[in-house]
Amino acid sequence: ESCLHSHSLGRQIHYFSDVGSTNNEAKKIAADGCPEGTIVVAEAQTVGRGRLSRGWFSPYGKGIWLSVVLRPPFQPQQAPKCTLMAAVAVTKAIRSFCDVPCGIKWPNDILYEGKKLVGILTEMSAEMDAINYIVIGMGVNVNTSAEEFPPELAEIATSILAVKNEPVSRLQLLCRILAELELIYQQVIREGFAPVLEEWKTLSVTLGQAVNVIGPDEQYSGTAVTIDEDGALLVETDMGLRKVIAGDVSIRPQ
Ligand code: BT5
């Protein structure tokens, strides 16, 4: 309570010791009409989810396994940019509170030295051109030690503990994330996404890099140039400029 500085986000908290997926719980309570800003947090997730039915390793008491319910007043087509908005908020919170110089890999990863510190999964329910709710799920590896990651994640995942060599208060970091997210969300509602997308560019580790774009039915390489007003990644290739829309594409360094 005492460290919570946000006004709307986190004022209603659903706390679980163990849960399947905080995003699934958040979608249920959102469908039942919970207020905007309601959050779901858990000590552990038994079936934490990534995108495309990939899993998310969520050991007990080690991370921030968080879902935030928003009811934004904008069109459903704008929703993908909420992932970029959340990435900006979490990156700023980790940089300022933990002093870890992490950066954003388009669209939904926060990396430190190429390894994943945070993953974000945004899900939406909309009908008739109006958003009913958006659930922003965030998995932050806080106090997981390097040895605790399963072998398949050893080379690709990291945590704040592993970077700093000292544990960090999950509660305080959670409060910082909620405060940053609330500020940015209010800015988006007031001014639209343009300022947030500009800020995203300054925190990105993808722009300027040679990338491989791997989609469901094609694959190409090029240089990540910028993101456009939709939050799509623009990649310069031999065939000209290509627009990469978040979804089932993955971006890898060349
Ligand atoms: C993501 O998917 O990065 C989104 C992860 C979102 C997790 C949060 S936790 C709270 C909320 N509730 C949920 O059920 N989910 C959200 P994607 O880009 O598809 O990346 C998934 C891939 O990351 C996996 O296939 C692994 O390779 C890797 N991975 C799994 N667990 C990880 C971890 N703890 N740290 C780093 N990488 C991990």
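The values are calculated or read from the model by the stated rules, or taken from the named source; none is laboratory data. As the structure is a prediction and not an experimental result, all values here were calculated from the model. Ideal geometry is used to build each Cβ from the backbone, glycine not excepted, and the neighbour counts take in all protein chains shown.
State whether one or more residues within the range 45-67 are under 18 Å from Leu181 (Cα atoms), surrounded by 18 or more Cβ atoms within 10 Å (Cβ to Cβ) and over 15 Å from the mean Cα position of the chain (by Cα).
Scanning the range 45-67, I find no residue that is under 18 Å from Leu181 (Cα atoms), surrounded by 18 or more Cβ atoms within 10 Å (Cβ to Cβ) and over 15 Å from the mean Cα position of the chain (by Cα), so the answer is no.
Pairs please, first residue from the range 200-213 and at positive phi, second anywhere and crowded, with 19+ Cβ neighbours inside 10 Å and of a type outside the set (D, E, K, R), Cβ atoms under 7 Å, 6+ apart in sequence or on different chains.
Going by the 7 Å Cβ cut-off, the qualifying pairs are Gly208/Ala224.
Which strands (runs of 3 or more DSSP E) sit wholly inside the range 95-204 and have at least 1 residues that are aromatic (Phe, Trp, Tyr) and more than 21 Å from Ala246 (Cβ to Cβ)?
Values: elements: 103-105, 109-112, 115-127, 130-141.
Result: 109-112.
Are there any pairs, at least 6 apart or on different chains, whose C-beta atoms fall under 9 Å, with the first in the range 71-98 and under 14 Å from Thr122 (Cβ atoms) and the second among the acidic types (Asp, Glu) and assigned to a helix (DSSP H, G or I), and if so, which?
Listed pairs, sorted by first residue: Val88/Glu180; Val88/Glu199; Ala89/Glu180; Ala89/Glu182; Val90/Glu180.
For Pro216, are the conditions met, namely being in a loop (DSSP other than H, G, I, E, B), in contact with an Asp or Glu (Cβ under 8 Å, 6 or more places away or on another chain), more than 25 Å from Thr38 (Cβ to Cβ) and not basic (Lys, Arg)?
Values: in a loop (DSSP other than H, G, I, E, B): yes; in contact with an Asp or Glu (Cβ under 8 Å, 6 or more places away or on another chain): yes; more than 25 Å from Thr38 (Cβ to Cβ): yes; not basic (Lys, Arg): yes.
The answer is yes for Pro216.
Do we find that Ile160 is surrounded by 21 or more Cβ atoms within 10 Å (Cβ to Cβ), over 15 Å from the mean Cα position of the chain (by Cα) and either in contact (Cβ under 8 Å) with a residue 60 or more places away in the chain or under 21 Å from Arg252 (Cα atoms) (or both) in this structure?
Against the criterion (surrounded by 21 or more Cβ atoms within 10 Å (Cβ to Cβ), over 15 Å from the mean Cα position of the chain (by Cα) and either in contact (Cβ under 8 Å) with a residue 60 or more places away in the chain or under 21 Å from Arg252 (Cα atoms) (or both)), Ile160 qualifies.
Looking at (1) more than 22 Å from Thr226 (Cα to Cα); (2) modelled with pLDDT under 95, can you tell me which one Val211 breaks?
Evaluating Val211 over (1) more than 22 Å from Thr226 (Cα to Cα); (2) modelled with pLDDT under 95 leaves (1) as the failure.
Might you let me know whether the range 220-234 holds any residue that is of a type in the set (S, T, N, Q), under 21 Å from Leu84 (Cβ atoms) and within 17 Å of the chain's Cα centre (by Cα)?
No, that holds for no residue.
Would you check which residues across the range 96-121 are among the polar types (S, T, N, Q) and either within 10 Å of the chain's Cα centre (by Cα) or within 8 Å of the ligand (Cβ to nearest atom) (or both) and list them?
Of everything in the range 96-121, just one residue is among the polar types (S, T, N, Q) and either within 10 Å of the chain's Cα centre (by Cα) or within 8 Å of the ligand (Cβ to nearest atom) (or both), namely Asn108.
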